[in-house]
Amino acid sequence: MSTSVKPGRARSGTAGRGRRGGRPDRKAWAFLGPFLALYLFAMVVPVLYAVYQSMLKVERSGPMGLGEPSVGFAGFENYSLALQQETFVDGFGRVLLFGIVQVPVMLLLALVLALLLDQVSHRWAGLLRATYFLPYGIPGVVATILWGFLYVPGVSPITSVLGDLGFQPDFLGYDSVLWSIANIVVWQFAGYNMLIIIAQLKSVPQELYEAARIDGAGPWQTALRIKIPLVRPALVLTTVFSIIGTMQLFAEPLVLKKVAPAVTTDYTPNLSAYFDAFANANLYLAAAKSVILAVVAMVLSFGFLSLVTRRQRSER
Amino acid sequence: MSATGTRPRTGTEVAGSPPATPAPRPRRAPRPGRILLVAVLTAAALYFLLPVYWLVIAATKSNDSLYGSFGLWFDDPRLWDNLSRVFSYDGHVYLRWMLNSLLYAGVGAVLATLLSAAAGFALAKYNFAGREAVFTFVLAGVLLPSTALALPLYLMFSKLELTNTYWGVLIPSVVSPFGVYLCRIYAEAAVPDTLLEAARVDGAGEGRIFFSLVLRIMTPALVTVFLFQFVHIWNNYFLPLVMLSDDRKYPITLGLVTWQQAADRVPELTQYTIGGAFVSVIPLAVAMLVLQRFWQTGLTEGSVKE
């Protein structure tokens with residue numbers, strides 16, 4: 001890929017194009033057009049529309065508010081309503097706690113597996129890599145259905161084996177169900193993140209390892225001093241994706257709800273917005289909650305990104 | 001930096017005898033370390049395979065032995081019988097869900113790949129006013145969680161009467177800001193300006209250059225974008241959940257959950273849920289095993305640039 005780029009020519013092409021009055025460059029919009037149109041239609045406008053909807057409310061007129069309902073302007077009323085809902089704010093706290101534990105655990109597992117796979121023979125590495133990556137191809141709801149069976153006493157071979165050993169695990173209890181969900185997410189995405197890290201490991205020039213070996217570095221030192229610093233960009237990327245993923249936690253708790261009474265309708269912010277829209281028929285409040293969720297997710301992932309890039313800069 | 005990702009470095013020749021071809025790299029950790037290494041890797045493999053193994057076993061069981069027998073071993077296997085019931089239940093609705101999933105994910109991913117390729121190429125290889133602004137604007141979309149978007153989409157699509165149509169799921173699925181990001185980075189590195197110049201001198205139009213030259217050069221990145229988007233759409237649950245009310249338009253994810261939730265009233269649905277999950281996992285599991293190498297290629301492009 002990058003090998004086909006002739007050094008020195010890579011950037012100069014644009015200058016040559018100017019000779020024809022920049023005509024080809026105008027075609028750029030033809031290539032961008034279809035994507036941008038759909039991007040506006042299916043991502044940007046809905047967000048704006050949700051912001052607009054979040055500022056509305058149903059007003060009832062007439063004596064004792066029994067007249068015809070009409071839609072009126074609410075300002076930030078829905079936002080303050082949402083933020084006053086203790087259960088909604090609790091949902092954010094829960095998701096945050098979830099992310100603080102689950103994301104590092106998952107990424108550490110992914111990193112360890114990637115580094116270990118780098119130490120085994122090619123044939124085994126390929127087979128194991130495929131095994132670890134397999135859960136990524138299983139939809140979150142299907143994964144949750146599967147793990148659900150593995151959590152429920154009576155069906156689960158895990159509880160029956162542990163029961164024989166004298167343990168009485170309660171995977172679906174009030175305190176534990178959050179971590180049972182975390183397990184499902186780790187199971188699904190650890191292999192995927194591992195693959196991103198492996199990809200970055202492969203891009204490390206082999207001479208570097210050669211040099212390290214000649215300098216007398218063992219596998220541990222090579223891993224700690226060379227490999228981990230070098231896969232840092234991959235770790236940043238996977239962390240950002242994981243933060244975004246954590247904020248949208250929805251399908252797993254919704255499916256587990258059936259077997260775990262601890263999972264309420266506002267267990268996560270996303271669930272809360274969903275039940276407002278479809279069970280309580282309060283679209284305007286749901287819109288406000290969606291906007292809050294999107295803002296928090298973007299602030300967190302963007303905040304993380306600027307944090308690491310700033311630190312990176314100061315290190316140099 | 002990137003070319004190494006595609007090729008298995010030590011190549012296929014390794015398949016022979018490992019001791020005969022000494023690896024050029026420092027391998028072989030000391031003995032105790034070696035044992036730990038194998039132990040950790042095996043434990044991880046068991047962890048990742050456990051639910052899948054359980055699923056395979058459970059798919060062969062009757063509803064009664066699902067509860068009455070040990071979950072990790074066979075009990076009176078009857079896989080065919082189970083599966084034929086899964087397929088025939090409720091007027092072959094399961095088959096319908098499969099086809100719907102294939103339609104949403106297949107068509108959605110092809111269109112998403114083409115749109116991303118064109119946009120990424122334009123952002124990489126043309127100079128125009130507002131280029132960086134457009135790119136930043138698209139990048140913001142990468143950070144926007146797709147499920148936070150599903151409700152707003154529903155609100156807008158219901159005004160446009162697009163809910164409960166195939167379009168309601170398909171249109172949002174063809175937009176992939178991450179795909180544009182990958183394609184731009186890839187095109188910047190892989191498509192030589194000299195080649196574009198030469199083609200222009202030869203009198204080829206921009207569209208022709210894109211379709212006959214650029215798309216071919218960008219193939220590795222396009223495979224990645226396609227796979228990424230295909231799995232994303234196939235696994236998606238929230239968007240179809242809010243968009244669709246007619247269960248004949250459901251994708252497989254939605255259908256299976258419907259069965260699972262209804263199992264209180266119709267007990268045999270527990271077995272159908274398991275059988276249906278079993279069948280639905282096979283195609284993607286095979287695809288994962290075969291195609292995982294492609295993932296690596298394109299994903300490096302994305303992360304290296306960070």
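The values are calculated or read from the model by the stated rules, or taken from the named source; none is laboratory data. What you see is a predicted model; the values in this text were computed from it and never measured. All Cβ positions, glycine included, derive from the backbone under ideal geometry; neighbour counts span all protein chains shown. Protein only, heavy atoms only, side chains kept; ligands, DNA and RNA dropped before computing areas. Shrake-Rupley method; radii C 1.70, N 1.55, O 1.52, S 1.80 Å.
Got at least one residue in segment A:101-118 being within 9 Å of another protein chain (Cβ to nearest Cβ), open to solvent by 70 Å² or more (accessible area, probe 1.4 Å) and under 26 Å from B:L37 (Cβ atoms)? No, because not a single residue in segment A:101-118 is within 9 Å of another protein chain (Cβ to nearest Cβ), open to solvent by 70 Å² or more (accessible area, probe 1.4 Å) and under 26 Å from B:L37 (Cβ atoms). Residues considered: B:L160, B:L153, B:L149. Of these, the only one that is within 29 Å of A:Q53 (Cβ to Cβ), open to solvent by less than 20 Å² (accessible area, probe 1.4 Å) and either over 20 Å from the mean Cα position of the chain (by Cα) or among the hydroxyl-bearing types (S, T, Y) (or both) is B:L153.
The set of residues from segment A:252-261 being in a loop (DSSP other than H, G, I, E, B) and open to solvent by less than 10 Å² (accessible area, probe 1.4 Å) comprises just one member, A:A260. When you check A:L249 against the structure, is it part of a loop (DSSP other than H, G, I, E, B) and not basic (K, R), yes or no? Yes.
Return the residues of segment A:86-114 that are in contact (Cβ under 8 Å) with a residue 24 or more places away in the chain and touching a Leu at 6+ places or on another chain (Cβ under 8 Å); say none if nothing qualifies. Passing the criteria: A:G91, A:R94, A:V95, A:L97, A:F98, A:L107, A:L111, A:L113, A:A114. All told, A:L81 meets the bar of being more than 18 Å from A:L201 (Cα to Cα), open to solvent by 60 Å² or more (accessible area, probe 1.4 Å) and either assigned to a helix (DSSP H, G or I) or modelled with pLDDT under 95 (or both). For segment B:42-85, the tally of residues that are in contact (Cβ under 8 Å) with a residue 24 or more places away in the chain, assigned to a loop (DSSP other than H, G, I, E, B) and under 30 Å from A:V186 (Cβ atoms) stands at 2.
Across segment B:189-208, the number of residues qualifying as closer than 22 Å to B:L114 by Cβ and surrounded by fewer than 17 Cβ atoms within 10 Å (Cβ to Cβ) comes to 5.
For segment B:118-173, the candidate set comprises residues that are assigned to a loop (DSSP other than H, G, I, E, B) and within 19 Å of A:F250 (Cβ to Cβ); within that set, the residue that is nearest to the other protein chains (Cβ to nearest Cβ) is B:P145.
Within segment B:92-101, the presence of at least one residue that is over 22 Å from A:V45 (Cα atoms) and either in contact with a His (Cβ under 8 Å, 6 or more places away or on another chain) or facing chain A (nearest Cβ under 10 Å) (or both) is confirmed. Candidates B:L196, B:L155, B:L170: the one that is without any contact (Cβ under 8 Å) to a residue 24 or more places away in the chain and on the phi < 0 side of the Ramachandran plot is B:L155. From the list B:V286, B:V242, B:V290, the lone residue that is modelled with pLDDT of 90 or more and in a helix (DSSP H, G or I) is B:V242. Quick check on segment B:99-122. Is at least one of its residues open to solvent by less than 10 Å² (accessible area, probe 1.4 Å) and within 15 Å of B:T273 (Cα to Cα)? No; the residues of segment B:99-122 include none that is open to solvent by less than 10 Å² (accessible area, probe 1.4 Å) and within 15 Å of B:T273 (Cα to Cα). Could you tell me which residue of segment A:263-281 is modelled with the lowest pLDDT, considering only residues that are open to solvent by 30 Å² or more (accessible area, probe 1.4 Å) and within 12 Å of chain B (Cβ to nearest Cβ)? That would be A:F278.
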